[in-house]
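Shown next, in structure tokens, is the structure this report addresses.
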Amino acid sequence: MKEQTYILKNFSEFEPKHIFECGQCFRWNKEEDGSYTGIFNENVLNVKKENGQIIFKGICKQDIKKVCIKYFDLERDYKKIKRKITIDEYMREAIAYGSGIRILNQDLWEVIISFIISANNNIPRIKGIIERLSKAYGKPIKYNGKTYYTFPTKDELFNVTIEDYRKLGLGFRDKYIYKTVHTIDLETINTKEDLLKLSGVGEKVADCIMLFGMNKFEVFPVDVWVRRVMNDLYIKSENEEKVNKEEIRKLAKEKYNDLCGIAQQYLFYWKREA
């Protein structure tokens, strides 16, 4: 495949660091020049913001412009979204801090497996496991002097054993991935209830999958950071660990309606980074 380039001009609602470091994806890495390189589906892209322009460069199976518009959801009006969810000074500050966040259109299969791996895990370790899994069972793609590996498909993982997964450092998640690979029918995954039937998928992982793999913006994933920020700002319990997650989700629904998931990303990124 030949290298392609697409340049986005006069586009304010896009900041690579905010997009790739807000916890929604695990296969984008920062380069020495401040750009980010990642692999998704069978595309390898480098994304750089320079002189007010967003420069996409890489190798894609289709036209790079079409690939970027879909993956980065470039036709969605984030200025309008921000106006809708700026309900108070706290959200205004959170949005200002992560102003360039956009929810990516990621592959559902990759999101399901990645977020099962994410359970009780940290981002550097998650990224390492996914990279080893991809290198072992994905397809190699060479770009700019380096070899990248596609995320393995269900068929490519079908003959992988629990012991094989364990060697890659999955820990207790090995049996969850094995069982999911052998039982899932992606065509039947439409609701949260469908996701909760999968091995290793609880409430928080299911909400993350819906938000990042299905573009269900009405969900509000609650982890330790989100519980902390919602308690600090609104609930104000002396013991945040005792704050009920369902209470948090209900509060978020009242405040952000069908844009809970996008509000969550601003709050999560703000609380964790700032």
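Test T161 against the stated conditions and say whether it is of a type in the set (S, T, N, Q), touching a residue at least 12 places away in the same chain (Cβ under 8 Å) and either on the phi < 0 side of the Ramachandran plot or in the same structural domain as F20 (by TED's automatic domain parsing) (or both).
On the way: of a type in the set (S, T, N, Q): yes; touching a residue at least 12 places away in the same chain (Cβ under 8 Å): yes; either on the phi < 0 side of the Ramachandran plot or in the same structural domain as F20 (by TED's automatic domain parsing) (or both): yes.
Yes: the conditions hold for T161.
Applying the condition of being in contact (Cβ under 8 Å) with a residue 12 or more places away in the chain and of a type in the set (D, E, K, R) to the range 197-230 and asking which residue is farthest from L186 (Cα to Cα) yields R228.
Criterion first (surrounded by 13 or more Cβ atoms within 10 Å (Cβ to Cβ), over 21 Å from I117 (Cβ atoms) and β-branched (V, I, T)) does V229 satisfy it? Judged against the criteria, V229 is a match.
Among helices (runs of 4 or more DSSP H) lying entirely in the range 26-110, which contain 2 or more residues that are farther than 18 Å from Q265 by Cβ? Walk me through how you get there before you give the answer.
Working: elements: 64-71, 78-85, 89-97.
Output list reads 64-71.
Given the structure, is A96 under 30 Å from K80 (Cα atoms) and without any contact (Cβ under 8 Å) to a residue 60 or more places away in the chain?
On the way: under 30 Å from K80 (Cα atoms): yes; without any contact (Cβ under 8 Å) to a residue 60 or more places away in the chain: yes.
Criteria met by A96.
In the range 115-167, which residues are closer than 15 Å to I39 by Cα, more than 22 Å from the chain's Cα centre (by Cα) and in a loop (DSSP other than H, G, I, E, B)? Correct list: N144, G145.
The values are calculated or read from the model by the stated rules, or taken from the named source; none is laboratory data. This structure is a prediction, so every number in the text was calculated from the model and none was measured. Don't worry about glycine lacking a Cβ; one is built from the backbone with ideal geometry, like all the others, and counts go over all protein chains shown.
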